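Enquirer: A single structure is presented below for examination.
The values are calculated or read from the model by the stated rules, or taken from the named source; none is laboratory data. Just so you know, these numbers come straight off a predicted model, no measurement behind them. No Cβ is skipped: glycine too gets one built from the backbone with ideal geometry, and neighbour counts run over all protein chains shown. In case anyone asks, the SASA skips ligands and DNA or RNA and just uses the protein heavy atoms, side chains included. Shrake-Rupley method; radii C 1.70, N 1.55, O 1.52, S 1.80 Å.
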Amino acid sequence: MALLNQKQHEAWSYPQSHQFVYQNQHTTTSIKPTLPAPSAPTPTKQVVNGTYLSEAHHQVERLSQAIGQDEATREKLLYALKFSGGEWFQNAVPQKLDTSAWVSDVSNDHSPFEYSLALSQQTGASELRFLIEAQPEENSLAALQGRTSRLTEDIATEYGPTKVSLDRLSLVQDLFLPSKPEGKLASWHSFVTSSTLEKWKIYLSPLASGRQNAFNVTREALERLGLATSWKLLENMMTGDDYPIYFSLGLSPNPEEAEAKVYVAHPGASATQIAEKHVKMDPNSSIQDIEQFYSIMAGGSLGPYRGEPGVSCFHFKNKDPSRPVARTILYPMCCHATNDAQAQERIETYMDAISAPQLYRERYRNAVSAVQRRPLEAGRGIHSWVGMKEKVDGKRSNTFYLSAELYGCLVDDDASNGGC
């Protein structure tokens, strides 16, 4: 999931000697922000000798092994990966990003696919996913829209009506795939599998008809899906500069179980302000726990987070549209940490704060090792986003969005802010 705004960001750091202690405080001390980078992050040069398919296959296979997936589950994941890549997946990865072709917005370095690992805070149980964008033959949003739509149809044909249904998508696709699209997203596809599930999802842009129409597009989509009550919750929660940034639809053939997810960006909001929004959505939300997550991920800061904002995701199902079945908060680690070593240090601190089980810790560390191509301290970009999800039953998990780094790690013009 790419950055929402790469124009400017702040990096927060704290001394290694500083031990984070969270005791219901709303401020932290001895935390000083570093100077913001003067320009957008730029991928460094890095040679990858292989095709998109070989690189993705290699990393996904290593990720699957790293978290202990059985061979049958791994084969399902690798098959879905190869299938969704299609013909363009056979192309060699260029030695540097080709800006004359379509530049994907899936990941921070513009790799057209990204990985994510979800880990249960209680047990360490895992789910491994990939997110991919079908690449068009020409550099235009219209061509992208056509190519990604064909992939949607191909997925439905390949997996059949017992696993994939496009019925709900057909109700809303005109809203997200207009005849004169705007932005950098037509549709992305994700696949997740474990020993108990196998799911496809599609990600769409509420901004496809312009940011000024994002609210109306999201409202209309939820109403058509029978989730008008869910929209009312969102409408009452959003304040100030909040706006819908992504819309995700599960392609399950069971309409009662297929999720509709709305991602909301919170520009300039603090951890406390974001937490208060979640309380509006669900009174059982914990302001303290949300503040704790954001503060540790931000190296001790409760914000407000300038530049790249915090994001919330609200999961809705038709069986009970009056409340989200899950809520997720996301922190843009990639643009607020100096390098991936610092990002990992913060995540390790969070593990201690939540008393994460050993299996959780091992799977996280193994996953990072499975995808990294260079020392963590050499730059930033492996850790894209970090999320915390809470279901209605109170169970929590964390999701780590990991970049393929086909075009290298990210650096700033100011080398003091970290880089390769």
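Enquirer: Quickly run through region 307-352 and pick out the residues that are assigned to a helix (DSSP H, G or I), more than 20 Å from Leu410 (Cα to Cα) and touching a helix residue (DSSP H, G or I) at 6+ places or on another chain (Cβ under 6 Å).
Expert: Thr349, Tyr350, Met351, listed by residue number.
Enquirer: Right, here's the next one. I'd like the full set of residues that are of a type outside the set (A, V, I, L, M, F, W, C), assigned to a loop (DSSP other than H, G, I, E, B) and free of Cβ contacts under 8 Å to residues at least 60 places away in the same chain, limited to region 175-204.
Expert: Pro178, Ser179, Lys180, Pro181, Glu182, Gly183, Ser187, Thr196, listed by residue number.
Enquirer: Looking only at region 318-342, filter to residues that are closer than 24 Å to Asp393 by Cβ and among the aliphatic types (A, V, I, L, M); which one of those is most open to solvent (accessible area, probe 1.4 Å)?
Expert: This residue is Val325.
Enquirer: In addition: In region 47-83, what residues are open to solvent by less than 30 Å² (accessible area, probe 1.4 Å) and of a type in the set (Val, Ile, Thr)?
Expert: Val48, Val60, Ile67, Thr73
Enquirer: Just for region 134-174: of the residues that are in a loop (DSSP other than H, G, I, E, B) and touching a helix residue (DSSP H, G or I) at 6+ places or on another chain (Cβ under 7 Å), which one is nearest to Phe83 (Cα to Cα)?
Expert: Once the filter is applied, the top-ranked residue is Ala134.
Enquirer: Only helices (runs of 4 or more DSSP H) wholly contained in region 205-291 count here; list those with 3 or more residues that are open to solvent by 30 Å² or more (accessible area, probe 1.4 Å) and within 30 Å of Ser355 (Cα to Cα).
Expert: Result: 271-281.
Enquirer: Report yes if some residue within region 43-52 is of a type in the set (Gly, Ala, Ser), in contact (Cβ under 8 Å) with a residue 40 or more places away in the chain and not in a loop (DSSP other than H, G, I, E, B); otherwise report no.
Expert: Checked against the condition, which is being of a type in the set (Gly, Ala, Ser), in contact (Cβ under 8 Å) with a residue 40 or more places away in the chain and not in a loop (DSSP other than H, G, I, E, B), region 43-52 yields no hits at all.
Enquirer: Please go through region 54-101 and pick out each residue that is in contact (Cβ under 8 Å) with a residue 24 or more places away in the chain, among the hydroxyl-bearing types (Ser, Thr, Tyr) and not in a helix (DSSP H, G or I).
Expert: Ser100
Enquirer: Yes or no: Arg363 part of a helix (DSSP H, G or I) and open to solvent by 10 Å² or more (accessible area, probe 1.4 Å)?
Expert: The answer is yes for Arg363.
Enquirer: With the checklist (1) touching a residue at least 12 places away in the same chain (Cβ under 8 Å); (2) under 20 Å from Glu390 (Cβ atoms); (3) not hydrophobic (A, V, I, L, M, F, W, C) in hand, flag the one item Asp320 doesn't pass.
Expert: (1)
Enquirer: Within the bounds of region 190-211, is there any residue that is in contact with a Lys or Arg (Cβ under 9 Å, 6 or more places away or on another chain), among the acidic types (Asp, Glu), at pLDDT below 95 and farther than 25 Å from Phe400 by Cα?
Expert: No, the conditions are met nowhere in region 190-211.
Enquirer: Sticking with this structure for a sec: If a residue must be open to solvent by less than 30 Å² (accessible area, probe 1.4 Å) and either in a helix (DSSP H, G or I) or farther than 14 Å from Ile296 by Cβ (or both), how many such residues does region 375-388 contain?
Expert: Going through region 375-388 one residue at a time, the tally reaches 8.
Enquirer: All but one of (1) under 29 Å from Ser209 (Cβ atoms); (2) open to solvent by 20 Å² or more (accessible area, probe 1.4 Å); (3) touching a residue at least 60 places away in the same chain (Cβ under 8 Å) hold for Ser126, so report the exception by its number.
Expert: The single condition Ser126 does not satisfy is (1).
Enquirer: For Ser100, only one of the following conditions fails: (1) modelled with pLDDT of 95 or more; (2) open to solvent by 10 Å² or more (accessible area, probe 1.4 Å); (3) among the small types (Gly, Ala, Ser). What is its number?
Expert: All conditions are met except number (1).
Enquirer: Could you list, ordered by first residue, the pairs with Cβ atoms under 6 Å in which the first is in region 145-171 and open to solvent by 30 Å² or more (accessible area, probe 1.4 Å) and the second is assigned to a helix (DSSP H, G or I) and of a type in the set (Lys, Arg), at least 6 apart or interchain?
Expert: The qualifying pairs are Leu171/Arg224.
Enquirer: Hey, among Val106, Val93, which residue is of a type in the set (Val, Ile, Thr), within 22 Å of Glu158 (Cβ to Cβ) and open to solvent by less than 30 Å² (accessible area, probe 1.4 Å)?
Expert: Only one candidate qualifies: Val106.
Enquirer: In region 305-317, what residues are modelled with pLDDT under 95 and open to solvent by 10 Å² or more (accessible area, probe 1.4 Å)?
Expert: Residues satisfying the conditions are Arg306, Gly307.
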